[in-house]
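Shown next, in structure tokens, is the structure this report addresses.
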Amino acid sequence: MPMKVLFVSSEVFPLIKTGGLADVSGSLPNALQRLGVDIRILIPGYPAVLNQLADLKSIGTLHHLPHIDHAELLLGIIKETKVKVIVIKSAALYERNGGPYADPNGLEWQDNPVRFGVLSKVASILASEHSPITDWHPDIVHCNDWQTGLAPAYMKLTEHSRAKSIISLHNMAFQGSYAPHWVVSLGLPSAGFSIEGFEYHGQLSFLKAGIFYADAITTVSPRYAVEIQTAAFGFGLEGLLSQRSDEIKGILNGIETEEWNPEHDKYLIKNYSSQNLAGKQEVKAALQQSLGLNVDAAAPLLGVVSRLTHQKGLDMLVPHLQTLIDQGCQFALLGGGEMGLEALFQNIAIQNPGRVSVTIGYNEPLSHQIMAGCDMFIMPSRFEPCGLNQLYGLAYGTPPIVNATGGLADSVIDSNNAHIANKTANGFVMVEASADGLMACIRRAVEMYRNNKDTWLQIQKTGMSQNLSWDKSAQEYLAVYEGLV
Ligand code: ADP
């Protein structure tokens, strides 16, 4: 009998995406399905989800959920991957304009504890004897991040589920901490509101609940699994994580090689491969043209696609960017987030017409074009649970320039002499997480790009020929599931 897995996530590509969590939640279930796992995703019924799923049909109704009278369960299928999806349809909770976590002005939805409390509760019910779905009972409930963190608590404390739970930590910075009155109103037993439970500094913490009650914990890179057990990266939960150290496994994310592949990327005017990189020059020229940059094949073009937040470390680029531009580099940024940082970059663009392009917003096609058309990709994150963009950079022959943390440290091998000699070098790793450290690293890359074309090509090809697909990671998740049941 194939293993049955309920994969619970608040965002799943291509249905709805704000970041890497969606990429993982789109790809990993698909890869597990290829391995023979009988998997279903559970997701809230946001308008984008209801609109995009094929063959939606009702499979039951749940009553007496926290704060809402009932919710309908729909079963649909993702057209691209044929993965089955269970959707929680509740007009009151999920059918509104705006993003999954915030309104169109970027303000967090006030009822997020209910919206994601219900997501967690439904997951636990589907893993219990009271599930309205009678012909499919999961062996494993695979939770992701704080939005699903209450599911392991409900499974253990209120639904007494026999299924095992696992929580994957994609980013410890987001914890879902709310006022204590939510404990009762979300139907959690007040006995759990303690250090040995879901209480954290007087608040109800969704993430702590997940970490405390789940049967297994995974992180999205091996390095991050170690880092989060320290005060610098654990966001206050390092003590609990250290206690559960033996149950934490780091599994590096893969990338969706159908979606992110320069050989058949539909957003590029020309496709290319590690055998023939000529097309990359054409993509670069087209990108320079469309962004209003001077079309100049020789100018090192530095790229960024990122949320603009403290985590991503791009403020470290600001002090020296003008110097790099004055030395003949070009810069293309796509992203959005903190308004101060957006304004800083926009200002640099205004002062450097033809040499700096800054696009604020979310743009899937442009993200592919920057990844392909740039010569190097900059990602100086202060912490990075896994990071996908550096993996895309590797696949697209756009060597990443990264800080030595989390998944960046696990995937980027610095182009020092030893690594060049043994042909493992695939990018550039900062020695120090500072503006000067980043500048020194970019200088090294630019110098090599300009003066050592053969080595540059070797670095590009090393990244492009790596197996970055999900298949290996999915095997590791399957091994975690098998260890639990
Ligand atoms: P995080 O999840 O922390 O934001 P990751 O590197 O893990 O960072 O994943 C980010 C994902 O979101 C990537 O697929 C990246 O291409 C995408 N992304 C980020 N910002 C934008 C944007 N402004 N437009 C399009 N895609 C974006």
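The values are calculated or read from the model by the stated rules, or taken from the named source; none is laboratory data. Small disclaimer: the values here were computed from a predicted structure and weren't measured. Every residue, glycine as well, gets a Cβ built from its backbone with ideal geometry; the counts of neighbours run over all protein chains shown. Surface accessibility is based on the protein's heavy atoms, side chains included, excluding ligands, DNA and RNA. Shrake-Rupley method; radii C 1.70, N 1.55, O 1.52, S 1.80 Å.
Tabulated data
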{"item": "The range 278-464: relative contact order as a whole-number percent, Cα under 8 Å and 6+ apart", "result": "21"}
{"item": "Net +/- balance of residues flanking residue 421 in space, Cβ distance below 15 Å, scoring K and R +1, D and E -1", "result": "-1"}
{"item": "Cα-based Kirkwood hydrodynamic radius, the range 278-464, one decimal, Å", "result": "16.1"}
{"item": "Cut-off 11 Å, label 7 Å out along Cα→Cβ of residue 50, residues of the range 95-139 by amide N", "result": "95-97"}
{"item": "Rotationally averaged projected area of the range 158-285 (alpha carbon convex hull; nm²)", "result": "12.1"}
{"item": "Ranked by how many other beta carbons lie within 10 Å on average, peptides 169-178, 100-109, 464-473 from highest", "result": "169-178, 464-473, 100-109"}
{"item": "12 Å reach of a label modelled at residue 61, 7 Å along Cα-to-Cβ, counting backbone N of the range 133-171", "result": "none"}
{"item": "21 Å Cα-Cα threshold exceeded, pairs from 57/82; 284/472; 4/121; 284/461; 17/312; 89/208", "result": "284/472; 89/208"}
{"item": "Among beta bridges that DSSP assigns inside the chain, antiparallel share in %, nearest 5", "result": "30"}
{"item": "Mean Cβ count within 10 Å, highest first, over the residues of peptides 231-243, 428-440, 153-165", "result": "153-165, 428-440, 231-243"}
{"item": "Inter-label distance, nm, simple model (7 Å from Cα along the C-beta direction), residue 431/residue 327", "result": "1.5"}
{"item": "Rounded to 10°, Cα long-axis angle of helix 339-351 versus longest principal axis of the chain", "result": "20"}
{"item": "Computed [θ] at 222 nm, helices only, for the chain once each DSSP H run of length n ≥ 4 contributes -39500 (n - 2.57)", "result": "-11000 deg cm²/dmol"}
{"item": "Burial ranking of peptide ranges 209-218, 85-94 (average Cβ count within 10 Å, highest at the top)", "result": "209-218, 85-94"}
{"item": "Net lengthening on full extension, residue 102/residue 134 (0.36 nm per residue, minus Cα-Cα)", "result": "8.1 nm"}
{"item": "Principal-axis tilt of helix 453-464 within the chain, Cα atoms, nearest 10 degrees", "result": "10"}
{"item": "Only Lys, Arg (+1) and Asp, Glu (-1) charged, at Cβ; the range 278-464 dipole about Cα centre in debye", "result": "340"}
{"item": "The chain - accessible surface per residue (Å², probe 1.4 Å)", "result": "38"}
{"item": "Förster radius 22 Å - calculated FRET efficiency between residue 320 and residue 457 (Cβ-Cβ, nearest 0.05)", "result": "0.25"}
{"item": "Cβ charges +1 (Lys, Arg) and -1 (Asp, Glu), total dipole of the chain, debye", "result": "580"}
{"item": "Computed FRET value (nearest 0.05) for residue 235 with residue 447, which takes r as the C-beta separation and R₀ as 30 Å", "result": "0.20"}
{"item": "Three semi-axes of the equivalent ellipsoid, the range 354-436, Cα gyration tensor, whole Å, largest first", "result": "22, 15, 13"}
{"item": "Nearest-10 value in Å² for the accessible area of residue 182, using the 1.4 Å probe", "result": "40"}
{"item": "Three-way shape label, the range 441-485, alpha-carbon gyration tensor, a/c 1.5", "result": "prolate"}
{"item": "Semi-axes of the equivalent ellipsoid for the chain, Cα gyration tensor, largest first, Å", "result": "40, 23, 22"}
{"item": "Per-residue ³J(HN,Hα) for the range 225-230, Karplus 6.51 cos²θ - 1.76 cosθ + 1.60, θ = phi - 60°, Hz, x for Gly and Pro", "result": "4, 7, 4, 5, 8, 10"}
{"item": "Summed side-chain charge close to residue 212 - residues other than residue 212 whose Cβ falls under 13 Å, Lys, Arg +1, Asp, Glu -1", "result": "-1"}
{"item": "R0 of 41 Å, Cβ-Cβ distance residue 277-residue 347: FRET efficiency to nearest 0.05", "result": "0.75"}
{"item": "Zone of residue 72's modelled label, taken as backbone nitrogen in the range 97-133 under 18 Å from a point 7 Å along Cα→Cβ", "result": "132-133"}
{"item": "Whole-Hz ³J(HN,Hα) from phi, Karplus 6.51 cos²θ - 1.76 cosθ + 1.60, for the range 113-129, glycine and proline x", "result": "x, 6, 4, 9, x, 5, 4, 5, 5, 4, 4, 5, 5, 5, 9, 10, 5"}
{"item": "Cut-off under 5 Å, modelled amide H: who pairs with residue 382 long-range", "result": "312, 313"}
{"item": "Residue-span extension gain [residue 91 to residue 421] - 0.36 nm each, minus C-alpha spacing", "result": "112.9 nm"}
{"item": "Length gained when the stretch residue 79-residue 34 is fully extended (0.36 nm per residue, less Cα-Cα span)", "result": "14.7 nm"}
{"item": "Crossing angle, helix 278-291 versus the chain [Cα axis fit, 0-90 degrees, rounded to tens]", "result": "80"}
{"item": "Label-point separation in nm, residue 266 to residue 364, each point 7 Å along Cα→Cβ", "result": "0.8"}
{"item": "Three-way shape label, the range 77-191, alpha-carbon gyration tensor, a/c 1.5", "result": "oblate"}
{"item": "Global geometry of the range 1-137, whether rounded, prolate or oblate, following the gyration tensor of its Cα atoms and the 1.5 cut on a/c", "result": "oblate"}
